[in-house]
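Each remark here refers to the structure printed beneath this line.
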Amino acid sequence: MGEEKRATTRRRTLRAAKIVYGDYRYIVDCVVRDASAAGVRIRCNHANEIPHEFYIYDPTEHTLRKAEVVWRREMELGLHFVAGPVNVLESPDPRYARFRFM
């Protein structure tokens, strides 16, 4: 088996999320397949069309996090978080207003 390269433990999950890019104009549905404190593995249609950096929105926790793609495989992306989470319900930033109702 291959050597584990993650610095933090990952946990399996099956949770809906959204990929957000293009100055918050474009939103693509995805599913989080596993997660750790440092990143997530997601599954989505058209994974090859997703940009290298984007935000991932977690509607369960109402958070947006900036992420970058570490690897791509067909319909899956491995992401590394490059910033901490922002709670859209608590943030005064008007760009996040649309996420309060998702």
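Flag: VAL69 matches the condition of being modelled with pLDDT of 95 or more, over 13 Å from ALA16 (Cα atoms) and in contact with a strand residue (DSSP E or B) (Cβ under 9 Å, 6 or more places away or on another chain). For segment 12-27, residues that are within 11 Å of the chain's Cα centre (by Cα) and small (Gly, Ala, Ser) total 2.
For segment 19-49, filtering for residues that are more than 23 Å from LEU89 (Cα to Cα) and in contact with a strand residue (DSSP E or B) (Cβ under 6 Å, 6 or more places away or on another chain) leaves 7.
When you check TYR24 against the structure, is it surrounded by 13 or more Cβ atoms within 10 Å (Cβ to Cβ) and in contact (Cβ under 8 Å) with a residue 60 or more places away in the chain, yes or no? Can you show your working first?
Numbers: surrounded by 13 or more Cβ atoms within 10 Å (Cβ to Cβ): yes; in contact (Cβ under 8 Å) with a residue 60 or more places away in the chain: yes.
Here the answer is yes, as TYR24 does meet what is asked.
For segment 39-58, a residue qualifies if it is modelled with pLDDT under 95 and exposed (fewer than 15 other Cβ atoms within 10 Å of the Cβ), and the qualifying residues are ASN45, HIS46, ASN48, GLU49.
For the structure I just gave you, tell me whether ARG73 is within 17 Å of ARG25 (Cβ to Cβ) and of a type in the set (Lys, Arg). Spell out the reasoning first.
Values: within 17 Å of ARG25 (Cβ to Cβ): no; of a type in the set (Lys, Arg): yes.
For ARG73, the condition - within 17 Å of ARG25 (Cβ to Cβ) and of a type in the set (Lys, Arg) - is not met.
Checked against (1) in contact with a Ser or Thr (Cβ under 6 Å, 6 or more places away or on another chain); (2) under 14 Å from ALA17 (Cα atoms); (3) of a type outside the set (A, V, I, L, M), ASN87 passes all but condition (2). For the condition surrounded by fewer than 18 Cβ atoms within 10 Å (Cβ to Cβ) and either at pLDDT 95 or above or closer than 29 Å to ALA97 by Cβ (or both), VAL31 qualifies.
The values are calculated or read from the model by the stated rules, or taken from the named source; none is laboratory data. In this text the structure is predicted, and so the values were computed from the model without any measurement. Methodologically, a virtual Cβ is constructed for each residue, glycine included, from the backbone with ideal geometry; neighbour enumeration extends over all protein chains shown.
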